[in-house]
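Single-structure report; data block below.
The values are calculated or read from the model by the stated rules, or taken from the named source; none is laboratory data. Values in this document were obtained by computation on a predicted structure and should not be read as measured data. Because the Cβ atoms are built from the backbone with ideal geometry, glycine has one as well, and the counts that use them run over all protein chains shown.
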Amino acid sequence: MRKLLFLASLLLSVTCNAATPVLSANALQVCYEGTSKPILTILSGSGKTSYVSGVINDPTDCSITKGIYFTATENPTSFIITSDKISVVPVANVNMTLISGDQYVCKITPISVGFATIKIKAYNGSSSSTYTIEYAASAASSNPTKTIFPTGIADASGAAAIDDDYMFVADDETNLLRLFNRKNSGKSLYSVNITTAAGGSSSEEFDLEGATNSSASYNSGKRIYWIASLGNSKSGNLKPYRDRVIATDISGTGANTTLSVKSYSTKMRTALISWGNANSWNFTASAATGMIPKRIDGFNIEGLTLTNTGESAYIGFRAPCVPVKGTTPTSGNRTYAVIAPVTNFETMMNVTGNSSITPTIGEPILFDFEGLGIRSIEKVGGNKYIIVAGLFEGGGIPAIYLWDGTIPANSGTTPISVGNYGLIELPLDMSDLVQASSDGSVEGHPEALLAEQVGNDLHIHVICDNGTVDYYNNATEAKVFAADSDEYPFAKYRMDDFSYTLISTNIGCEKVSGAYSCLVKNNSATISGLPQNAAVCLYDIKGNKLIDVVSISSGLELPLPYKGVFIITVKNSDNIESIKVLNK
């Protein structure tokens, strides 16, 4: 009996003296491929709290697909996991998996939008160690494989690619330029504050809105230009520090790329106001104290791109919209979006520090975007431009246009519209970019884009300023979460990839499928080789049906009502084939 009591006492002593398990997040976490830079910000050590932003069904979401690395020492017998909001993240969707030895990986899979406090407790029967993850889940896009959600900022407003994998992005709430991965949701890899180098004040934001890569003129491939809004505050107060055009130079490559300020100019706002006045548009009134920028008669820059000549740049106005040159604006004739061509742009910026060179601005280029202003413009290929158009005040569904760069004679009095001077509206579905804001309104937010041409394919990457979006259904703007972006990464923006196949300019018809022959001549398309009783339809680029006929012979001639791109469909039994038509 004494022996049994002694053994029981010994067993109790061993149990009581067992070391407390320690659950620690590793210092080395999942990094972007080929780098030593982490995708998530996870505080290393035990007893800590980290903040993780997730997106439902996002195939690039690190917390879902790759996980968070932990070390659990002193042989815990189990992990006790709790979630205070199982409707967002069920306990079963927090999986701790043994890798080897005392190394574990934790993957978190959300099922609905909202917040959850997740506690992971390493337990040995009598003592424990806990690590906490504050988790926020937002909704997926309608095409998750084509959308990423970078974190840390919400008001993305300008972007420039440095290669296929990385880009620099500006937001209009800070003077930081950040390096992001172009293919994964996650945090920035690098950032630089350009306030002092660009002649700014620590208490004032530049309100950066547009960006463009350099041509071959100066520091080829290693220069990025940025432009601020040049406008007033949202309450109409003058903001002198928003009068900025900035040249930055690139050092390094890939994930190790850095930026430094080469030069800046504070002369663009004054030059543009004088230019607008000379065209009879009274930009002095548009930019005056008390005028808010997001009005049809306000003053607000959002687009910047270099032209195919390199020396010049196009500056696109979100507002004002204007009548033709020489016409006094009224409440009923503000019809056209306007581009100001700055003909000495690169020379003006190829200095060190504050440029003293006055911008030279040429003949205005007007576009009929049906009341929309220019939110972003980007040169693509040899002499084509992608233009994102949106309402001057926000809201609505944005549109994307492709312009071949043709400038009409007397461009200030000859507006470019769909069907003339090489302008078409691309048939891209932008409806998913219209999201709910914290005040309940819904609006489209594209403010930046990247574009490449590969063969006949255009790859268009649209970046949205989602500062007002209510990502988590708690009536809170996304920009609120950007106050401490490294430790509290619930702020995010989105980048969506679209593609469009160009029709060859050397032929009038391009067969998407089938073997019908096609000839475009004298504003009509003749289709040959048709079966009798085939249903033939002509559509415009937006998908509106223009003509619907049934063939009675092997040949059919369809009138083309204007210059531009059309789609002809031929339906025979259950087979539908398409032909893309260009009326030049």
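Some values worked out for this structure:
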read-out	value
Count of segment 249-305 residues which are among the β-branched types (Val, Ile, Thr) and either farther than 16 Å from Lys239 by Cβ or modelled with pLDDT under 95 (or both)	8
Condition met for Ser141 (within 30 Å of Ala228 (Cβ to Cβ), assigned to a loop (DSSP other than H, G, I, E, B) and in contact (Cβ under 8 Å) with a residue 40 or more places away in the chain)	yes
Top-ranked residue of segment 59-99 - restricted to ones that are modelled with pLDDT of 95 or more and among the small types (Gly, Ala, Ser), ranked as farthest from the chain's Cα centre (by Cα)	Ala72
Subset of segment 189-224 (residues that are among the charged types (D, E, K, R) and closer than 24 Å to Leu306 by Cα)	Asp207, Glu209, Lys222, Arg223
Selected residue (only one of Phe283, Phe299 is touching a Phe, Trp or Tyr at 6+ places or on another chain (Cβ under 7 Å), at negative phi, in the same structural domain as Val351 (by TED's automatic domain parsing) and in contact (Cβ under 8 Å) with a residue 60 or more places away in the chain)	Phe299
Residue check for Ser50: in contact with a Phe, Trp or Tyr (Cβ under 7 Å, 6 or more places away or on another chain) and part of a strand (DSSP E or B)	no
Members of segment 157-186 that are part of a strand (DSSP E or B), over 21 Å from Ile377 (Cβ atoms) and not hydrophobic (A, V, I, L, M, F, W, C)	Tyr166, Arg178, Asn181
Top-ranked residue of segment 542-580 - restricted to ones that are farther than 21 Å from Asn522 by Cβ, within 35 Å of the chain's Cα centre (by Cα) and touching a residue at least 12 places away in the same chain (Cβ under 8 Å), ranked as surrounded by the fewest Cβ atoms within 10 Å (Cβ to Cβ)	Gly543
Residues located in segment 345-364, provided they are surrounded by fewer than 19 Cβ atoms within 10 Å (Cβ to Cβ) and under 13 Å from Ile315 (Cβ atoms)	Thr360, Gly362
Members of segment 293-320 found to be part of a loop (DSSP other than H, G, I, E, B) and either touching a Lys or Arg at 6+ places or on another chain (Cβ under 6 Å) or polar (S, T, N, Q) (or both), listed by number	Ile296, Thr307, Asn308, Thr309, Ser312
Boolean, Asp163 is surrounded by 20 or more Cβ atoms within 10 Å (Cβ to Cβ), touching a residue at least 24 places away in the same chain (Cβ under 8 Å) and under 31 Å from the mean Cα position of the chain (by Cα)	no
Tally, over segment 431-476, of residues that are outside any strand (DSSP E or B) and either under 23 Å from Gly373 (Cβ atoms) or basic (Lys, Arg) (or both)	10
Unmet criterion (only one of (1) in the same structural domain as Ser331 (by TED's automatic domain parsing); (2) without any contact (Cβ under 8 Å) to a residue 40 or more places away in the chain; (3) not in a loop (DSSP other than H, G, I, E, B)) for Ala271	(2)
Residue check, Gly394 farther than 26 Å from Glu452 by Cα, surrounded by fewer than 22 Cβ atoms within 10 Å (Cβ to Cβ) and either touching a residue at least 12 places away in the same chain (Cβ under 8 Å) or of a type outside the set (Lys, Arg) (or both)	yes
Count - residues of segment 329-359 that are of a type in the set (Val, Ile, Thr), over 26 Å from Leu423 (Cα atoms) and either assigned to a loop (DSSP other than H, G, I, E, B) or touching a residue at least 60 places away in the same chain (Cβ under 8 Å) (or both)	5
Criterion violated by Leu558 - all others in (1) closer than 26 Å to Asp404 by Cβ; (2) at pLDDT below 85 satisfied	(2)
Thr309 being hydroxyl-bearing (Ser, Thr, Tyr) and under 22 Å from Ala278 (Cβ atoms)	no
Any hit, segment 115-130, residues being at pLDDT 95 or above, within 19 Å of Thr65 (Cβ to Cβ), of a type in the set (Phe, Trp, Tyr) and touching a Phe, Trp or Tyr at 6+ places or on another chain (Cβ under 9 Å)	no
